[in-house]
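J.: Have a look at this one.
No lab work stands behind these numbers, since they all come straight from the coordinates. A quick note: this is a predicted structure, and the numbers were derived from the prediction, not measured. Please note: Cβ atoms are built from the backbone with ideal geometry, for glycine as well, and neighbour counts cover all protein chains shown.
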């Protein structure tokens, strides 16, 4: 089945192979640009990059409503279990969690991670395999040279890269990140949601990579 990508806004996505759906960083409540509500989300799994509010978002409510396991770094997974999430799949950078759609693997990310004043372990990016397609969701991060290594071993078709500046890469550094990773498509994320984030991504012009700008609520059926 072909891959369908739904952009939830900010850094959130639904990735579906037609049988199984993975939600990533489902921040909806409090997101001024979101078109979906938590009750709209139907998914089989949730994966989180790190513990900040604008990424954990509505995970607990969505996980409970869908009986969906949450894939997250160890400390965050433990915390979500304490919040009533019935099933978590903890891991850490370098590790891979197998699923019935493929897998989710954790990569390094240069950022921070806390939730409700509590340390939530190391922030991460995600390498996802679903519908036979590999996706690199960088999470929140600055530019780092090992993105080249992620590109070399994962060969992602799609990279979701933060471009909002201040807390992550800005557009120019994110363009360099895309050139390091070398996906076919790069989706800019984590921008214009709040006033502190840039809404000008005109410098996000990586050479040799097609930029796919998605609006919140937009669905994209990825070409085979």
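J.: Work out, step by step, the length gained on full extension between residue 78 and residue 112: first 0.36 nm times the residue separation, then minus their alpha carbon distance; give nm to one decimal.
T.: Difference between extended and current length: 10.5 nm.
J.: Kindly state, to the nearest 0.05, the FRET efficiency for residue 184 paired with residue 29, given R0 = 35 Å and r defined as their beta-carbon distance.
T.: The calculated FRET efficiency here is 0.60.
J.: Sorted from largest to smallest, which semi-axis lengths in Å does the alpha carbon gyration tensor of the chain give for its equivalent ellipsoid, taking the root of 5 times each eigenvalue?
T.: Ellipsoid half-lengths, sorted descending, are 23, 19, 18 Å.
J.: I'd like the FRET efficiency for residue 103 and residue 53, computed as 1/(1 + (r/R0)^6) with the beta carbon distance as r and R0 of 30 Å, rounded to 0.05.
T.: 0.65
J.: For residue 199 and residue 219, what is the calculated FRET efficiency with R₀ set at 25 Å and r taken between the beta-carbons, to the nearest 0.05?
T.: Computed FRET efficiency for residue 199 and residue 219: 0.65.
J.: For the chain, what is the calculated [θ] at 222 nm in deg cm²/dmol (nearest 500), taking -39500 (n - 2.57) for each run of four or more DSSP H residues and dividing by its residue count?
T.: It comes out at -5000 deg cm²/dmol, rounded to the nearest 500.
J.: Relative contact order for the chain using alpha-carbon pairs under 8 Å, separation at least 6, rounded to a whole percent?
T.: In percent, rounded to a whole number, it is 18.
J.: Pull up the DSSP beta bridges for region 7-213 and report the antiparallel fraction as a percent, rounded to 5.
T.: 55 percent
J.: State the extension gain, in nm to one decimal, for the chain segment bounded by residue 86 and residue 19, taking 0.36 nm per residue of separation less the distance between their alpha-carbons.
T.: Full extension from residue 86 to residue 19 adds 21.9 nm.
J.: Residue separation times 0.36 nm, minus the C-alpha to C-alpha distance between residue 96 and residue 149: what's the value?
T.: Computed gain between residue 96 and residue 149 is 17.5 nm.
J.: Only counting other Cβ atoms within 10 Å, I'd like 146, 58 sorted with the fewest neighbours first.
T.: Ordered by Cβ neighbours within 10 Å, fewest first: 146, 58.
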